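Structure, as structure tokens:
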């Protein structure tokens, strides 16, 4: 039974979910706010109306190439105007979007293209050499190349080093396709509950990446769940226009997100679930202006918060940890921030507390995974609603339960630790061409996440660790996150990741990979002693390995598989 004890008073427990295709978010917002800036990218600004026109041109271009409903189209781009145009163009075409990290090596990209059966890929000129090697080993017929020089207005050529546009034989030019097609997308009948919108691949942090099948309805539902968690109200849909319906007493100014207003800094990769849902579709739906970055630089990001008077920022802990530790962090004006949201991986409590002291608005931590489109839990959207260390409450129409790790069926009471399971309209259809793996994870509509957690008496959930990351020392369960939290409190430690190393006597022993703060010093023995003073004897870290930085995925998750390989090597 869902616990509504701490439910936000003006958030409906259940939302209205219109059965619409994903691209209707853009159509609706372009109709409501045609001249509002949708994207700021360096010196380029694109309005909502212009973004819609560009997406319609691209949809027409894809149709002209013979791409039809159900075909898989890979987008292999960093955050950029071309990504947004391509994404909505793919949605209008009825094709299935399969996102690819530009950081993928040849082997990884080849695997995903073959597994998805993609015949079209949209890439950046900078990454074309990798794509060129992959094409002969796949079914790819169309390679569309976006160019960096096309992003920048011609006028800037007089004050910046000129960028030379490269040509690649046998490929199609992104900008040329836009110019040669009218904004007349094909008429495609989409059944939102049956037709796939995304084939989003899991991060592959624990093995081979799997394609997560998400329908248009899955995507729309999760976008609405997230948007109305921070904006309040319910969903109204009339004559193709989405709007917000408020109950009596609910005031817009009491919410951290206000439709048709504000600026959000977007550095979360759009090729990741958090990016596509939370930092593209959700922002487009809300009519917010996106200040888009292709990569993260803490100093540049801090400058942008002040320059653009940003009202919303967010990302993985990999964004906030270097941000709050930046030497100039306290020099910038952060007073306009109404929402600072963290997700994708556990945020050290010390960093969370620093954020609360520094940002005047709502600071929140959330939880989800690709298998539930993006999100299942959020802390309440108020300053006082946050519980440090918790990932919050299940959002609208979402149920979360904790089941026994051994039986996998017995539901556990509050306080007990077990596997987190999720049910709701955002739950995936299954894994692409992997029925056995689907059966293991999707049972009676519940996603078995592989994450270990607990629920408290107020209905808040806590992620203790990954099932696969838990280690057993002489029969005792040791959760790396507990140790990482302890180490994060040491004044010299910026970041820490703990993994288990096989030991013939103990089974497994905890080893910590540590990144020190700039200019800070600490010996391995000092850190070992510090840990030993703060945890039970069986839990203590046995070895410290210093690193300049930890390996992370495109989503900002620490790649513990890489750290284990380093230990085993």
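Can you tell me which residue among 372, 362, 403, 417 is buried (at least 23 other Cβ atoms within 10 Å of the Cβ) and either farther than 26 Å from residue 552 by Cα or more than 22 Å from the chain's Cα centre (by Cα) (or both)? Let's see the steps before the verdict.
Working: 372 fails: either farther than 26 Å from residue 552 by Cα or more than 22 Å from the chain's Cα centre (by Cα) (or both); 403 fails: buried (at least 23 other Cβ atoms within 10 Å of the Cβ); 417 fails: buried (at least 23 other Cβ atoms within 10 Å of the Cβ).
Of the residues listed, the single one that is buried (at least 23 other Cβ atoms within 10 Å of the Cβ) and either farther than 26 Å from residue 552 by Cα or more than 22 Å from the chain's Cα centre (by Cα) (or both) is 362.
Conditions (1) buried (at least 20 other Cβ atoms within 10 Å of the Cβ); (2) at pLDDT 95 or above, marked per residue:
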{"position": "194", "(1), (2)": "no, yes"}
{"position": "217", "(1), (2)": "yes, yes"}
{"position": "221", "(1), (2)": "yes, yes"}
{"position": "249", "(1), (2)": "no, no"}
{"position": "252", "(1), (2)": "no, no"}
{"position": "259", "(1), (2)": "yes, yes"}
{"position": "263", "(1), (2)": "yes, yes"}
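Which condition does residue 6 not pass, out of (1) more than 24 Å from residue 192 (Cβ to Cβ); (2) surrounded by 18 or more Cβ atoms within 10 Å (Cβ to Cβ), if it passes all the others?
(2)
Please give the strands (runs of 3 or more DSSP E) falling wholly within segment 454-566 in which 2 or more residues are within 22 Å of the chain's Cα centre (by Cα) and crowded, with 16+ Cβ neighbours inside 10 Å.
461-466, 493-503
Among the residues of segment 409-425, how many are in a loop (DSSP other than H, G, I, E, B) and in contact with a strand residue (DSSP E or B) (Cβ under 7 Å, 6 or more places away or on another chain)? Full working, then the answer.
Start the filter on segment 409-425 by keeping residues that are in a loop (DSSP other than H, G, I, E, B), which leaves 409-410, 412-417, 424-425.
Going one step further and asking which of them are in contact with a strand residue (DSSP E or B) (Cβ under 7 Å, 6 or more places away or on another chain), we end up with 409-410, 412, 414-417, 424.
Of the residues in segment 409-425, 8 are in a loop (DSSP other than H, G, I, E, B) and in contact with a strand residue (DSSP E or B) (Cβ under 7 Å, 6 or more places away or on another chain).
Would you check which residues across segment 520-549 are closer than 20 Å to residue 471 by Cα and touching a strand residue (DSSP E or B) at 6+ places or on another chain (Cβ under 7 Å) and list them?
Residues satisfying the conditions are 528, 538, 539, 541, 542, 543, 544, 545.
Okay, residues lined up against (1) touching a helix residue (DSSP H, G or I) at 6+ places or on another chain (Cβ under 6 Å); (2) buried (at least 20 other Cβ atoms within 10 Å of the Cβ); (3) farther than 24 Å from residue 552 by Cα:
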residue	(1), (2), (3)
99	no, yes, no
109	yes, yes, no
112	no, yes, no
119	no, no, yes
131	no, yes, no
141	no, no, yes
184	yes, no, yes
189	no, no, yes
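Could you please let me know if residue 316 is within 24 Å of residue 37 (Cβ to Cβ), at pLDDT below 95 and in contact with a strand residue (DSSP E or B) (Cβ under 8 Å, 6 or more places away or on another chain)?
In short, no.
The values are calculated or read from the model by the stated rules, or taken from the named source; none is laboratory data. If you're wondering where the values come from, they're calculated on a predicted model, not measured in any experiment. Positions of Cβ are backbone-derived with ideal geometry, glycine not excepted, and every protein chain shown enters the neighbour counts.
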